[in-house]
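As structure tokens, the structure follows; a few thoughts come after it.
The values are calculated or read from the model by the stated rules, or taken from the named source; none is laboratory data. Everything numeric here is computed off the predicted structure, so don't read it as measured data. Every residue, glycine as well, gets a Cβ built from its backbone with ideal geometry; the counts of neighbours run over all protein chains shown. All accessible areas refer to the heavy atoms of the entire protein, side chains included, with ligands and DNA or RNA removed. Shrake-Rupley method; radii C 1.70, N 1.55, O 1.52, S 1.80 Å.
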Amino acid sequence: LVRLKESGGASVQAGGRLRLSCEGSGSYRGTCMGWFHLSPGKRISERRAVAIITHTGEITYYSPSAKGRFTISQDTAKRSVFLEMTNLRPEDSGQYYCVADTENLSDCARASPVPYRFWGEGTQVTVSS
């Protein structure tokens, strides 16, 4: 019923930029949406939060490496969330997953994968030096 579909991943040179998109479908509450990153060679349990935004537009989290380089935004009418990535580094490579819908709004500030009910399949980003 609920699906999150990411797009926008690509191969770029270090210093380049990308815009990732995620469109939600189906019925879900939508307390917040965000992006998690899985580095190459890591287990799925090693996915780490990159940026999270609540349904009211409050940005509750940027990872230290994302802060100042990445910008999260959303289109609530389309139930979409975006991640503008600039000054990309090789360490940014990997799968980027869109997430949505915690039971509690307060969980949107935790930067933990546990509370999120729905996950996309991921979009691949490769940054070469």
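Summary of values
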{"item": "Segment S7-E91, length gained on full extension (0.36 nm per residue, minus Cα span)", "result": "28.3 nm"}
{"item": "Options P115, T54, P64, ranked by Cα towards positive dipole end of the stretch 21-129, top entry (Cβ charges)", "result": "P64"}
{"item": "V127 accessible area, assembled protein chains, probe 1.4 Å, Å²", "result": "10"}
{"item": "Reachable aspartates and glutamates from K67, criterion Cα separation under 19 angstrom, eight or more residues apart if same chain", "result": "E58, E84, E91, D92"}
{"item": "Counted charge near T86, where neighbours are those whose Cβ lies closer than 15 Å (Asp, Glu -1; Lys, Arg +1)", "result": "+2"}
{"item": "Per DSSP, loop trypsin sites (Lys or Arg not before Pro) in the stretch 1-68 with at most 16 further Cβ within 10 Å", "result": "R17, R29, K42, R43, K67"}
{"item": "The chain, accessible surface, carbon-and-sulfur percent (1.4 angstrom probe)", "result": "47"}
{"item": "Formal net charge of residues neighbouring V127 (Cβ-Cβ distance under 13 Å; K, R +1; D, E -1)", "result": "+1"}
{"item": "Neighbour net charge for E23 - beta-carbon separation under 11 angstrom, K R +1, D E -1", "result": "+2"}
{"item": "Inter-label distance for K42 and T76, nm, one decimal - labels placed 7 Å from Cα along Cα-to-Cβ", "result": "3.0"}
{"item": "For the chain, size of Cβ-based charge dipole, Lys and Arg +1, Asp and Glu -1, in debye", "result": "140"}
{"item": "For the chain: accessible area per residue (Å², 1.4 Å)", "result": "52"}
{"item": "Reachable aspartates and glutamates, given that their alpha-carbon falls under 13 Å from the alpha-carbon of K78 and they are not under 8 places away in the same chain", "result": "E23"}
{"item": "³J(HN,Hα) computed for each position of the stretch 39-51 - Karplus, 6.51 cos²θ - 1.76 cosθ + 1.60, integer Hz, glycine/proline x", "result": "6, x, x, 8, 6, 4, 5, 8, 4, 10, 5, 10, 7"}
{"item": "Average Cα contact separation per residue, the chain, under 8 Å, 6 or more apart, as relative contact order %", "result": "36"}
